[in-house]
Amino acid sequence: MSVLAKDFLMPEDTRRPRGASRSAERSALVADVLRGRDRSHSRVRLRVQGESMLPALWPGNTVEIEACSHKNVQSGEILLALRDGRFFLHRLVASQSNGFVLRGDSMPGPDPQYPPEALLGRLVRSEGKARRFFAPKWYRAVGMLLCHCSVARRLALRLHRRQEGTSAPELRSVPSL
């Protein structure tokens with residue numbers, strides 16, 4: 001019997017993308033740290049992977065997350081939540097007793113409502129070579145531009161990658177668009 005004929009014995013987990021289970025394990029470990037006994041002193045550092053929080057957070061930025069409770073968050077804060085083994089680092093839109101709603105600055109709509117136990121922490125610091133070009137009140141407006149205008153998004157990401165690749169401070173300014 002050939003090896004291919006034995007495929008029916010393979011567990012279904014092999015169809016997942018490579019590294020998916022490791023990613024879920026890492027997420028669970030970070031969640032355990034932030035949900036630990038001494039939540040007031042629990043902090044983790046993570047690297048931003050996605051583009052949903054442009055222009056506030058860029059891919060490659062390192063962020064520091066501090067554990068917090070659902071009762072101690074305010075609208076507009078950037079929160080870390082866990083859903084289906086994945087992290088979501090988005091801005092708080094609404095908080096209710098039965099959960100909370102987050103939205104990425106450059107996402108067309110809000111995330112589905114999270115239960116209170118999905119909250120892991122809040123952003124306390126962001127590090128990266130990217131400079132902050134906009135006042136915080138403009139993040140949502142610029143995020144919507146980047147959400148609905150793919151040319152602007154590609155240009156912003158290209159400028160960001162170029163900026164990350166250079167070390168000379170004088171090359172880090174962004175030309176006016």
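Just so you know, all these numbers are worked out from the coordinates, no wet-lab data involved. This structure is a prediction, so every number in the text was calculated from the model and none was measured. Cβ: placed from backbone, ideal geometry, glycine included. Neighbour counts: every protein chain shown.
Applying the Karplus parametrisation 6.51 cos²θ - 1.76 cosθ + 1.60 with θ = phi - 60° to the phi angles of the stretch 51-68, what ³J(HN,Hα) value in whole Hz is obtained for each residue in order, glycine and proline being reported as x?
Each residue's phi maps through the Karplus curve to give 10, 5, 10, 4, x, 5, 10, 10, x, x, 4, 9, 10, 10, 10, 10, 4, 8 Hz.
Considering only L29, L119, Y139, whose Cα is most displaced toward the positive end of the charge dipole of the stretch 16-171, charges sitting on Cβ of Lys, Arg (+1) and Asp, Glu (-1)?
Toward the positive end, the furthest listed residue is Y139.
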